[in-house]
Structure formats: structure tokens, C-alpha cells
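Since the structure comes first, as C-alpha cells, the remarks are kept for the end.
Quick note: the coordinates plus some simple rules give every number you see, no bench work behind them. Please read all numbers here as calculations on a predicted model, not as lab measurements. Glycine gets a Cβ as well: all are built from the backbone with ideal geometry, and neighbour counts include every protein chain shown.
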Amino acid sequence: MVSAAQAAEGNSAVFLMDGSQVSRQMRWSEFGAFLDGYVGLSDLAETDVRAVLVNLNPDLTVASLVFFRIWFDEEGRADSSWNVPIEALAEKGAKGPDLGGGAIRLVCRSQCPDPAFAEELWDPDMTPGSNHFHSIRKAVEANTLHFRQAEPAEENIPVLVNSSSAATDERVDIERARLAQVLREQRLRIKTLQSVHRDAVSDLQRDHRLEMQALRSEMTELDQKYERLRVSKEQLKNRLQERNEQYLALQEQLGEETPADPDAGPDVEGGKSDAETVLLREQLERKERELELREERLVALEQENQELRNREVPEDSLLEQLRNQVVFLVAYHPGVGHITLPYDDIETYFANPQAYAADQCGMNEAAYREWLAHYENPVCNHAGADGNACGEPIMRVSQPADFEAGKDDRCELHKA
């Protein structure tokens, strides 16, 4: 297998991946120039790149792989704060698939020798048609970076007399090694599939959360609009009632009044009152038309609001898949474990996840929160005279229903 020293001498490369294919190759020394900020890649600006450190054996077969991620800024330069020791990790990798030179040393997110760097790595896809290992092996065999293959050393091959039993033992050893390799590859496939599933669930939860937030915002806006129109309608009704009362009062006043000037003919007074009556009637008719228009708008808005509440979710959307149980939304809470959320409970869950978890435990939210605080930090909560908690480590109560506040969150000294 190649060592870190050999990698520094040139038997090492970095492959940049685009999906399941190798999109760009460079020698390790060239990649070092990107890390030092001497050059940039404009086509990778503001991109979280998935890359692979490929260490080669002297015969140019794959010795080790490290699947790592690195961010390129708006100028296409590698993140200056990136400091993942991928060369050192490659030396500690566990056994992976055989890519032509025996089992490789493999480092990825689900198989990382140092958990502190697991989030900076990624898992390869091993599904047929999009297998990263096949793409990497194909690129290594093409040798577009023109690595020089070391000359094979001459070996003195001893001549052994091979008995039938020795041949049988040899076949058994070969078969055992092959089965061990298959088992390693299957375990790796399971780990990577679990990682992909976790990422998919996380993406679905994030998309659903954003979709639910958008729908709640839309509903809130419609409710506010409906309330404004309702208040405006009430105000308009009150104003129209006042106008009607004023109109009736004016009619009664005109009927009771007599001309103040006996020399003024009835035609003059009658013409004046008729003009005022016509003006008031026009104002009344205009207000009635405004009220009718507002009522029509209000009815249309109420209908739109009702349709929105009862509308079918879009076909092939996330909510449609959740409702038809093509996709399941799974949440995890201590004390409850994994919960597969029914479609009808999704909105209730996201409104208050801890209250939902408490209900699943058969307890109220406050009691569940008390147990959760104890579960996450099992220490004595007895407050002394100075107001500070005791803080003595105590035994954790793993089940919410078994927890009693004031007793199970106290040390032996303060239980009494």
C-alpha cells in the first residue's frame, strides 16, 4: 500500500465528482496550490464540492480513498479555514472494496477513524449505474494524469510441491478471503444507504417545514385580510345606518317646517328642499353601491379562503406523497423513540413538537420538559441557600413515565 510519503512523491491525486462521475482530476501537488490560495476555479465559485483523495500503489492500483467535502468561495478559491487531515485519515482507513489491488483503505462519513471530522466527509453511492467506486476505478485505469508505473521487482519464486490437501487449503483460504471481502462491501453498502436515508429524511423534513411555514403564512395573511374586510363592512353598515337615520330625520323636519318668510312663495322653499333631498338620495345610492361592492368582494374572499382550506394538495408534491404514504415522515424524541407521523398529525406536530412527544408518552408538556432536562443533564437540581444548584451527578431515569420531579432529580443527600 502507498504511504503518505509516497503520496507526497506523486502517487496521489484528487478527483472532483459531479454526481457519480469524475468531473476533474489533479495531482496532489496541484490541489495543494488551491489550498494555499494561489489559484482558483471560477466555475466552482460558491460551491460545496465533493472530492476524493486517491492514493495509488506503485502498480497504479487504488490503495486508499478519502471522500471529503470542501467549499469554494465566490472567487472560486478553496476555503482558507479548511483543515481536514485527509492524508493522515487515509493511513487509518478501514478495509473497503477491492478495486484491483486488494482491499483498499476507505475513509468516508459512515466509516471515519476520527469522528471529529465525520461531518466534513461524505458517503459514496454503491447502487448499480451510479457507483462512485466504479467511476473512480475507471478514471484511475485511464491514467489521464500520466502517473508512472513502478518497474516490477524480480522475485525468487520458490518451487513448492503442492499436494492435493495443500491445494484444497489454498482454495479454502481464497474463498474465505473472497467472502470476507463481500461481507465488508455489503456492510459498507448498508452504512452508506443508511446515511443516504438520513439525508433524504432530513431534506424532506426541511422541505416540509418550509412548505408548512409558507402555507401558515398564507393562511395568516388571508385571515388578516378577511378580518380587515369584516371590520370595514361593519363600519360601512354603521355609517349607512347613520345616513338612513339622518335622511329620515330630514324628511320629517321638511314635512313639519313651514316657510319662515311669508313673502317667500312655496315654490322657493320647495325647490330648496327638493335639491337637498336629491343630493342626499344620490349620496345614499352611492353608499349603497359601495356597500354592495364590498359585500361582493367579501363573499369572493370568503369563498377563496374556504377553497384554500379545502383544496387538494398538488400532485407529486411532498404533502401528496406524505398523504398517500409513498413517503413517511419520521421524528425522533428521547423517551418516545422514532415516531412515524400520520399525515393528519403533521401540522399539529410542527406547531409544538415537544407537546406532541409528551402526548405520545401520556403526560403533559411541562412534565415531559422536566424529564427531558433531567435526561439530557442528569444532575441534582436542589437549590442551596445561595440559589445555586447542587449539580451532583445522579442516575438517569430513561423512561419519562418513571420520572418524579423533586425526587429523581435529587442526589442521595438532598432526597430527604
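In this structure, T277 and N388 have a Cβ-Cβ separation that, at R0 = 60 Å, corresponds to a calculated FRET efficiency of about 0.10. Label separation (D79 vs H134): 3.1 nm, computed from points 7 Å beyond Cα along the C-beta direction. Assuming R0 = 22 Å, can you tell me the calculated FRET efficiency for the pair E365 and D402, based on Cβ-Cβ distance, to the nearest 0.05? For R0 = 22 Å, the calculated efficiency reads 0.75. Label-to-label distance, V330 versus R286, with points set 7 angstrom from Cα along the beta-carbon direction: 6.8 nm. Ranked by the mean number of other Cβ atoms within 10 Å of their residues, highest first, the peptides 137-148, 167-178, 371-382 fall in the order 371-382, 137-148, 167-178.
For the range 34-111, calculate the relative contact order in percent as a whole number, restricting contacts to Cα pairs under 8 Å that are 6 or more residues apart. The normalised contact order for the range 34-111 reaches 31 percent. Remark: the V172-K415 segment gains 81.1 nm on full extension, using 0.36 nm per residue and subtracting the alpha carbon distance. Here the gap between R24 and R206, fully extended at 0.36 nm per residue and compared with their Cα-Cα distance, gives a gain of 62.4 nm. Near M363, no amide H atom lies under 5 Å from its own; only residues 5 or more places off or on other chains count, and H is placed 1.01 Å from N.
Over the range 328-379, what is the relative contact order in percent, taking alpha-carbon pairs closer than 8 angstrom and at least six residues apart?
24 percent
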